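Inspection log for the structure reproduced underneath, given as structure tokens.
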Amino acid sequence: MQVQLIGDELFQEVLGMAGKSPRRRMNHNFHHSLEEPCHRFLNVLLRGTYVPPHRHVTPPKSEAFVVLEGQLAVFLFDDCGEVTRVEILGRGDYGDSKTIGIDVGAGMWHSMAVLTGHAVCYEVKPGPYAAMSDKDFAPWAPREGEPGTKEYLQKLIRMAMGSTE
């Protein structure tokens, strides 16, 4: 049995890799293969990373996030792209939320935005992972790398900041 410790040393290592990534985020998997039935990983995200709204429907999968460091906003959407809920998770610039995690049900449209310099999340979702079917990207939002991502992300962040006032 292999033991992996979760703490500042690992956070700093993955944070360094996220800083070198064009996507401004990096995962550290605790599961050993993409075929495992339960995926557990750190997701280290830097401010400015864009996570396109998506859902997990093929097959339907729920997803849980617990913020270990930093702060982020999680957005839930309806099928037309209207934000139905904003939750601020973690502790940081936008008040110390008493909420540090969320469990997003299978098939729910969701996205997130980092509100502090970075956020470290522990995520859990069912495996196996198949890149071609893992995410259903929203047709009403720009995809990663497309024009308009920066503006869309800023709109979401403004919405999150308004939800804390």
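Cβ-Cβ contacts under 7 Å between residues 6 or more apart (or on different chains), taken from a first residue in the stretch 1-26 that is among the charged types (D, E, K, R) to a second residue that is assigned to a helix (DSSP H, G or I), are listed as 24/18; 25/18.
Take the conditions surrounded by 18 or more Cβ atoms within 10 Å (Cβ to Cβ), aliphatic (A, V, I, L, M), in a strand (DSSP E or B) and in contact with a Phe, Trp or Tyr (Cβ under 7 Å, 6 or more places away or on another chain) and apply them to residue 42. Does it pass? Answer is yes for this residue. Here the condition is being closer than 17 Å to residue 65 by Cα and modelled with pLDDT under 95; of 111, 133, 97, it holds for 97 alone. Considering only residues in the stretch 94-130 that are part of a strand (DSSP E or B) and without any contact (Cβ under 8 Å) to a residue 40 or more places away in the chain, the one that is surrounded by the fewest Cβ atoms within 10 Å (Cβ to Cβ) turns out to be 96. Determine whether the stretch 148-162 contains at least one residue that is small (Gly, Ala, Ser) and touching a Lys or Arg at 6+ places or on another chain (Cβ under 9 Å). No, that holds for no residue.
Taking the stretch 57-68 as the range and being assigned to a strand (DSSP E or B) and under 13 Å from residue 123 (Cα atoms) as the test, the residues that pass are 63, 64, 65, 66, 67, 68. Only one of the listed residues (135, 150, 125) is out of contact with any strand residue (DSSP E or B) (no Cβ under 9 Å at 6 or more places or on another chain) and of a type in the set (Lys, Arg). That residue is 150.
Total residues in the stretch 1-39 satisfying the condition of being aromatic (Phe, Trp, Tyr) and in a helix (DSSP H, G or I): the figure is 1. Quick check on the stretch 76-93: of everything there that is surrounded by fewer than 19 Cβ atoms within 10 Å (Cβ to Cβ) and touching a residue at least 40 places away in the same chain (Cβ under 8 Å), which residue is farthest from residue 42 (Cα to Cα)? Filtering the stretch 76-93 for residues that are surrounded by fewer than 19 Cβ atoms within 10 Å (Cβ to Cβ) and touching a residue at least 40 places away in the same chain (Cβ under 8 Å), the one farthest from residue 42 (Cα to Cα) comes out as 80. Residues in the stretch 69-93 that are part of a strand (DSSP E or B), under 23 Å from residue 142 (Cβ atoms) and not hydrophobic (A, V, I, L, M, F, W, C): 3 in all.
The values are calculated or read from the model by the stated rules, or taken from the named source; none is laboratory data. Not measured: the values here are computed from a predicted model. A quick note on method: Cβ atoms are made from the backbone with ideal geometry, for glycine too, and the neighbour counts reach across all protein chains shown.
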